[in-house]
Amino acid sequence: MLKINRENKTLDRLKEPSLANAQILERSDLQEYIYNSQKDFFAEIGENLFILGKEIPTSSIVQDRIDLLGIDSEGAAVIVELKRGSNKLQMLQAISYAGMIARWGIDDFRGLVTEESWGQLTDFLNVDFEEINRRQRILLIAEGYDYALLSGAEWLSEQYGVDIRCLSISLASEQTTGSEYLACTGVFPPPALADHSVARQSSRRNASPVRWKDWNEALSQIGNEALKAFAKRELENGREEYLRKRGLHFRLDGKRRWGLYCKIKHAYVWQRGRFSADTNFWRERLSEPESVKPVKKGRALAFYLWTETDFSAFKEAVSEGLKHEIWSETFSDEVEQENGDLID
């Protein structure tokens with residue numbers, strides 16, 4: 001790494017010691033640096049991650065722990081494995097973690113964070129939180145990689161679509177000031193192919209193509225005229241939307257609280273979080289009160305909207321009627337009553 005000397009119009013080479021020579025430890029130093037500066041570090045390497053925690057156990061029957069576990073904005077679980085120096089077993093370790101994480105349910109992830117952090121995560125996501133952990137990604141960070149590991153990463157990526165990134169970190173220090181700098185560069189996929197790789201992995205993530213080219217086509221297939229009119233008005237007014245699932249998102253105090261999904265004959269609504277007596281609140285206002293049911297162990301609510309009156313009542317409630325309610329992300333007094341017909 002070179003330092004620019006503007007006064008002399010020269011470049012001065014900085015010292016580049018290994019992490020070991022600089023007495024920077026893998027877990028107590030490097031991991032802490034990244035965890036405590038996660039927003040800046042991951043932005044530096046082109047990743048947008050929400051870090052759930054560090055030293056995360058993957059199973060009750062193994063002692064190994066994930067260095068850092070994150071979620072990207074598309075809901076994929078991201079296993080981050082750090083190594084000082086190089087270690088050809090780094091990728092095997094990360095793959096085993098990904099395999100164990102793939103078995104996790106939404107409650108396993110929720111148990112890693114506070115109620116406040118879970119709310120921040122759901123706002124961070126570009127997809128509904130039910131999409132969490134549909135995929136797993138691997139992010140390897142080390143000082144070096146041997147040929148065998150990189151060949152294996154390429155094979156897994158090309159042949160089986162495993163989403164792996166290998167990044168090389170290096171340390172530089174300035175003798176005069178004692179300042180230290182950490183640089184991180186992409187090794188695999190090669191930088192020249194990185195954009196192509198991102199596009200390829202994105203297409204794999206969305207293996208099922210979007211069924212509609214735009215919202216006009218999506219709404220043309222809906223048989224419920226009240227729903228169609230409501231959706232068109234909301235879209236014209238700039239409503240936050242998710243075309244892949246014909247979804248509209250509604251926020252309260254900046255937090256995404258309701259997802260409305262357009263079906264052929266009705267709208268299916270998912271309410272994130274609960275407020276006191278919310279089941280009765282909705283049942284008193286909707287044409288099919290029996291459709292209002294707690295889901296996800298009582299932490300969420302689901303119901304149908306059918307008529308123009310239903311849509312008017314829903315819009316009034318989410319716009320004005322519920323502003324002063326006290327919300328909770330955990331409800332223990334309701335039993336989970338998931339109805340398979342409600343879930344898309």
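Would you be able to tell me the number of residues in the range 224-245 that are over 20 Å from the mean Cα position of the chain (by Cα) and not in a helix (DSSP H, G or I)?
Adding up the residues that qualify gives 4.
Inspect all residues belonging to the range 280-287 and state whether any of them is within 22 Å of the chain's Cα centre (by Cα), crowded, with 18+ Cβ neighbours inside 10 Å and not charged (D, E, K, R).
no
Can you name the condition, by its number, that Tyr304 falls short on among (1) surrounded by fewer than 17 Cβ atoms within 10 Å (Cβ to Cβ); (2) part of a strand (DSSP E or B)?
Of everything listed in (1) surrounded by fewer than 17 Cβ atoms within 10 Å (Cβ to Cβ); (2) part of a strand (DSSP E or B), Tyr304 misses just condition (1).
Just to be sure, is Ile79 in contact (Cβ under 8 Å) with a residue 60 or more places away in the chain, buried (at least 18 other Cβ atoms within 10 Å of the Cβ) and outside any loop (DSSP other than H, G, I, E, B)?
Spelling it out, Ile79 is indeed in contact (Cβ under 8 Å) with a residue 60 or more places away in the chain, buried (at least 18 other Cβ atoms within 10 Å of the Cβ) and outside any loop (DSSP other than H, G, I, E, B).
Only one of (1) touching a strand residue (DSSP E or B) at 6+ places or on another chain (Cβ under 6 Å); (2) in contact (Cβ under 8 Å) with a residue 12 or more places away in the chain; (3) on the phi < 0 side of the Ramachandran plot is not met by Glu55, so which one is it?
Failing condition for Glu55: (3).
Filter the range 13-31 for residues that are of a type in the set (D, E, K, R) and surrounded by 13 or more Cβ atoms within 10 Å (Cβ to Cβ); which is farthest from Ser86 (Cα to Cα)?
The selected residue is Lys15.
State which residue is farthest from Glu154 (Cα to Cα) when the search covers only the range 82-105 and only residues that are exposed (fewer than 15 other Cβ atoms within 10 Å of the Cβ) and under 15 Å from the mean Cα position of the chain (by Cα).
Applying the filter and picking the extreme gives Gly105.
Here's the yes/no breakdown for (1) out of contact with any Pro (no Cβ under 7 Å at 6 or more places or on another chain); (2) more than 24 Å from Glu143 (Cα to Cα); (3) not polar (S, T, N, Q):
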position: Ser18; (1), (2), (3): yes, no, no
position: Ile24; (1), (2), (3): yes, no, yes
position: Ala43; (1), (2), (3): yes, no, yes
position: Gly53; (1), (2), (3): yes, no, yes
position: Pro57; (1), (2), (3): yes, yes, yes
position: Val80; (1), (2), (3): yes, no, yes
position: Lys83; (1), (2), (3): yes, no, yes
position: Leu112; (1), (2), (3): yes, yes, yes
position: Ser117; (1), (2), (3): yes, yes, no
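Go through the residues of the range 182-202 one by one and say whether even a single one is closer than 27 Å to Lys83 by Cβ, basic (Lys, Arg), out of contact with any helix residue (DSSP H, G or I) (no Cβ under 9 Å at 6 or more places or on another chain) and at pLDDT below 95.
Within the range 182-202, none of the residues are closer than 27 Å to Lys83 by Cβ, basic (Lys, Arg), out of contact with any helix residue (DSSP H, G or I) (no Cβ under 9 Å at 6 or more places or on another chain) and at pLDDT below 95.
Within the range 43-58, can one find any residue that is loosely packed, with under 15 Cβ neighbours inside 10 Å and among the basic types (Lys, Arg)?
no
Got a number for residues in the range 122-139 being among the basic types (Lys, Arg) and not in a loop (DSSP other than H, G, I, E, B)?
Looking only at that region, the number is 1.
Could you please find all residues in the range 1-45 being of a type outside the set (Ser, Thr, Tyr), free of Cβ contacts under 8 Å to residues at least 40 places away in the same chain and assigned to a loop (DSSP other than H, G, I, E, B)?
Once the filter is applied, which keeps residues that are of a type outside the set (Ser, Thr, Tyr), free of Cβ contacts under 8 Å to residues at least 40 places away in the same chain and assigned to a loop (DSSP other than H, G, I, E, B), the range 1-45 yields Arg6, Glu7, Asn8, Lys9, Asn21, Gln23.
The values are calculated or read from the model by the stated rules, or taken from the named source; none is laboratory data. In this text, all values refer to a predicted model and were calculated from it rather than measured experimentally. Cβ sites come from the backbone with ideal geometry, for glycine too, and all protein chains shown count toward neighbours.
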